[in-house]
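Here's the structure we're looking at; comments come further down.
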Amino acid sequence: MSDWRNRVFCEDALDGLARVPDGSVDLILTDPPYNLGKDYGNDSDQQSVADFLAWTEQWVDKALPKLKANGSLYIFSTWRFSPEIFVMLKQRMTMMNEIIWDRRVPSMGGSVRSFTSVHDTVGFFVNRKDYYFDLDAVRIAYDAETKKARSRSIFIGAKWLEIGYNPKDLWSVSRLHREHPERADHPTQKPLEIIERMVKASCPPGGVVLDPFMGSGTTALAAQRCGRDFVGFELNPAYCDIIEARLVAPVLKAGGKRKSVKKIKPEEVIS
């Protein structure tokens, strides 16, 4: 199939990944089910531990051949399973970072028999040493007070002081509460701020981002806003409708060239 870019296929990624040519994708960025019993309209998040880990290895082995030789992968996970998943991926790729997303959960409620979990874990993996990474695209600007404090002559004209610092591996970004303007009807939607940082850093302009588990479509939206192409899969037809609605909203023109988007259902015949 030649017309696979900027498409969201409403089908199981295990069946649909064959649509994407090998070696054609710059970045895999995905937030698969964590196997914590969430309701995604199916039983995809309610497997035994053994079945979940076997399934994870199965989709990884179908997805990784789609990456270019200098491609990268970001995968969201939970502390419950990230050790096993990261070890499995380290047998196939090089791990560059374990990123901790601090969800800024309010200090109330939570477990009374353990410490309350308020973070997600993200693994950043690459295929080889010359992987694409644009640090300047994601630097965080220093505030005026910090710049003023660095007034000694050795700091004058320093590039890092002018354009900002490298984001650390602890990202403190608020989760999307129910009233948040980004929020769609999806239980585990990730903030655009996080996904856009990954896209800008690890996918070149005009490149392609693959998400085998689109969910509410944030990966596709981030790619669209940042001037990248995307391809993805989503098993739940209701979520496919949410993705379609988000990608055609006029506000999505901001930050990147608008793309022609089509949702393709599994019953459609694709040559």
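Condition check: assigned to a loop (DSSP other than H, G, I, E, B) and either more than 21 Å from Phe125 (Cβ to Cβ) or in contact with a strand residue (DSSP E or B) (Cβ under 6 Å, 6 or more places away or on another chain) (or both). Does Gly37 satisfy that?
Values: assigned to a loop (DSSP other than H, G, I, E, B): yes; either more than 21 Å from Phe125 (Cβ to Cβ) or in contact with a strand residue (DSSP E or B) (Cβ under 6 Å, 6 or more places away or on another chain) (or both): yes.
For Gly37, the condition - assigned to a loop (DSSP other than H, G, I, E, B) and either more than 21 Å from Phe125 (Cβ to Cβ) or in contact with a strand residue (DSSP E or B) (Cβ under 6 Å, 6 or more places away or on another chain) (or both) - is met.
Filtering region 212-271 down to residues that are of a type in the set (Lys, Arg) and modelled with pLDDT of 90 or more, which residue is farthest from Pro191 (Cα to Cα)?
Residue satisfying both the conditions and the ranking: Arg228.
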Study note, to complete from the structure: Of those in region 69-81 that are crowded, with 20+ Cβ neighbours inside 10 Å and touching a residue at least 60 places away in the same chain (Cβ under 8 Å), the residue farthest from the chain's Cα centre (by Cα) is Gly71
Practice item. Specify which of the listed residues (Phe86, Phe125) is outside any strand (DSSP E or B) and in contact with a strand residue (DSSP E or B) (Cβ under 9 Å, 6 or more places away or on another chain). Key: Phe86
**Study point:** Failed criterion for Ile243 (all others in (1) under 14 Å from the mean Cα position of the chain (by Cα); (2) buried (at least 16 other Cβ atoms within 10 Å of the Cβ) hold)
**Key:** (1)
Study note, to complete from the structure: Here the residues within region 92-106 that are within 14 Å of Thr116 (Cα to Cα) and aliphatic (A, V, I, L, M) are Val105
**Study point:** Pair list, Cβ < 9 Å and 6+ apart or interchain, from region 103-116 residues that are assigned to a loop (DSSP other than H, G, I, E, B) to residues that are of a type in the set (D, E, K, R) and at pLDDT 80 or above
**Key:** Arg103/Asp120; Arg103/Arg175; Arg104/Arg175; Val105/Arg175
Check your understanding: Only one residue in Glu98, Glu84 is closer than 28 Å to Leu176 by Cβ, touching a residue at least 60 places away in the same chain (Cβ under 8 Å) and among the charged types (D, E, K, R). Which one?
Key -> Glu98
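Considering only residues that are modelled with pLDDT of 70 or more and not in a loop (DSSP other than H, G, I, E, B), look in region 150-183 and name the one that is farthest from Glu98 (Cα to Cα). Talk me through it step by step, then tell me what you get.
Taking region 150-183 as the starting set, the residues that turn out to be modelled with pLDDT of 70 or more are 161-183.
Retained after the next criterion (residues that are not in a loop (DSSP other than H, G, I, E, B)): 161-163, 165, 170-172.
Numbers: Leu161: 26, Glu162: 27, Ile163: 25, Tyr165: 19, Leu170: 9, Trp171: 11, Ser172: 14 Å.
Here the answer is Glu162.
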Check your understanding: When Asp45 is evaluated against the numbered criteria (1) among the acidic types (Asp, Glu); (2) touching a residue at least 24 places away in the same chain (Cβ under 8 Å); (3) not in a strand (DSSP E or B), which criterion, by number, is the only one it fails?
Key -> (2)
Practice item. For Lys66, state whether it is surrounded by fewer than 19 Cβ atoms within 10 Å (Cβ to Cβ) and over 21 Å from Tyr239 (Cα atoms). Key: no
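Determine, yes or no, whether Asp102 is acidic (Asp, Glu), touching a strand residue (DSSP E or B) at 6+ places or on another chain (Cβ under 8 Å), surrounded by 12 or more Cβ atoms within 10 Å (Cβ to Cβ) and modelled with pLDDT of 85 or more. Before you say what the answer is, go through the steps one by one.
Details: acidic (Asp, Glu): yes; touching a strand residue (DSSP E or B) at 6+ places or on another chain (Cβ under 8 Å): yes; surrounded by 12 or more Cβ atoms within 10 Å (Cβ to Cβ): yes; modelled with pLDDT of 85 or more: yes.
Yes; evaluated as a whole, the condition is true for this residue.
The values are calculated or read from the model by the stated rules, or taken from the named source; none is laboratory data. These numbers come from a predicted model, not from an experiment. Cβ atoms come from the backbone with ideal geometry, glycine included; neighbour counts cover every protein chain shown.
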